[in-house]
Amino acid sequence: MDSHRIPMFSQPTRFGRLKPGFYVLTEQFAPPPEGLQIVSQWSMDAQPWQDEIGDSDFTETANPLALVTGFENSAAGFTTEYASLNAPVRTMNVADWEIEFYLYFDDFSSVNNNLIAYVATYGNANLNQYEWRLIVEQPVLGEYRLYLDCPSFTPAPYVVISPATWHFVRFGLELNDLPAPNRIYISLDGGVPEQEFIPGDSPVIAMTNIYAGSLTLGLYGLFNTCAAGMRIDEMVLRMEYFFVPPPPEPVLVHHWPMESLSWTDIIDGNDFTLTGAASLASGFSGQSALFTPTGSLTASVPVFAGDSWEIEFYLYFSDVNNFPQDIFLSNIIHATLESTGGIVGTLSLSWDAFGSFSFNNSWTSTVQASGPSSVTWHHIRFGYRNTVGQNYLSIDGAESTAPADPATPGSFEWTSATLRLGYLDEFTPALDGMRIDELRLKRII
């Protein structure tokens, strides 16, 4: 097996030692050689099924597996057709990738004709139409084919495979510069790969991103069972070397400490204006804004402009169950957004009568999170990741996210926003006794 292994490569950086194949470019070190690098490796020699290079350990997600005789030492044995393993893995839309492993399955030709059995599924955890699926099928009784299938692309390359013996399997994606087509391929026992070509501008190539990938072995979903007696051994995931830049640092563009009745923005002078009743009370740090149901603070801010952004503050409810009759939502922060093209959007963070936070905007999915269980200060962060089209909401460090949607138009080119804290309208008042402290608006360029 070592004859077709590419040596692993890793190097230190000023960010510490990173996983093989994933490095940050710095002025201190030269980049590693080009080519596919091993980023995860599972020998399947012991339970639990650990990644011996990265942090993508497999977990059993359906019926349990067994440790059985493998091609080398032991292997993961799928004792029933309803057994599966799943690992969170890195996927990307900018580089080649390849998975190799040893596969064994029993002869199930006596079961029925046209049986389909799932071996492996690799791709984006949020976009299942852009997943690559390795499937064993009997197109005719007694003949087995191993297909590399993607729901968004046909035809699928395949190799003829025999049961009740070990096979070495490789499958992957090779990207090429336009106008050359890209290539998907599958190879059996070191033979010439069977392949199909995809146009370079195909949406299939955008199937994955570096944030949310998964690798599932065996049972997929409720009905896509695995091959009878399937065993998997010595699995490796390789990816093309690429640079991962350090994440951008948020830029603090507005900060309202809530230390005085002037509600001053100490960064940019965009002070809040009071409507109704609000006062000062003891805060998380110094003073805070204390709201009555009809009290609100409003400020206009020149921000967003299509970038990622985040609002951070400390929140206190004196009584989380203090909802007026017939009122379902309590507004915490609401914003009306405008662009130079006249497009108007909204975003809001609210608290509902069932004890949950909701953060939504007018261009992508809502994210919800359970509210606080005690009367105390809570650290709240919510925002929008423009690069992946995703809302997120963090309460005391526990983050919830909406499904990523890279196709959204990046929150448009907003040029101004009107923030409103507290009372929004007669149906969405402030929660009586709500306090807000140390409100910050950050922009990630």
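Summary table below
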| read-out | value |
| --- | --- |
| Residues with amide H under 5 Å from that of LEU424, placed H, sequence gap 5 or more | ASN331, ALA430 |
| Simple spin-label estimate for SER365 and THR346 in nanometres, 7 Å along Cα-Cβ | 2.2 nm |
| Estimated FRET transfer efficiency when R0 is 60 angstrom, pair LEU280-ALA164 (beta carbons, to 0.05) | 0.15 |
| Cβ-Cβ FRET estimate between VAL192 and THR264, R0 fixed at 56 Å, reported to 0.05 | 0.20 |
| Burial ordering of LEU290, LEU148, LEU261, fewest other beta-carbon atoms within 10 Å first | LEU261, LEU290, LEU148 |
| Cα-projected label distance for VAL68 with GLU426, points at 7 Å along beta-carbon direction, nm | 6.9 nm |
| Residue order, fewest to most beta carbons within 10 Å, for PHE171, PHE78, PHE427 | PHE427, PHE171, PHE78 |
| Net length gained if the chain between PHE354 and SER416 were fully extended (0.36 nm per residue, minus Cα distance) | 19.1 nm |
| Approximate spin-label separation SER300-ILE116, in nm, with each point projected 7 Å along Cα-to-Cβ | 5.7 nm |
| At R0 = 22 Å, FRET efficiency that the Cβ-Cβ distance of GLU249 and GLU399 yields, to 0.05 | 0.75 |
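All of the numbers you see were taken from the coordinates with simple rules; none came from a lab. For clarity, every value in this text was computed on a predicted model and none was experimentally measured. Glycine gets a Cβ as well: all are built from the backbone with ideal geometry, and neighbour counts include every protein chain shown.
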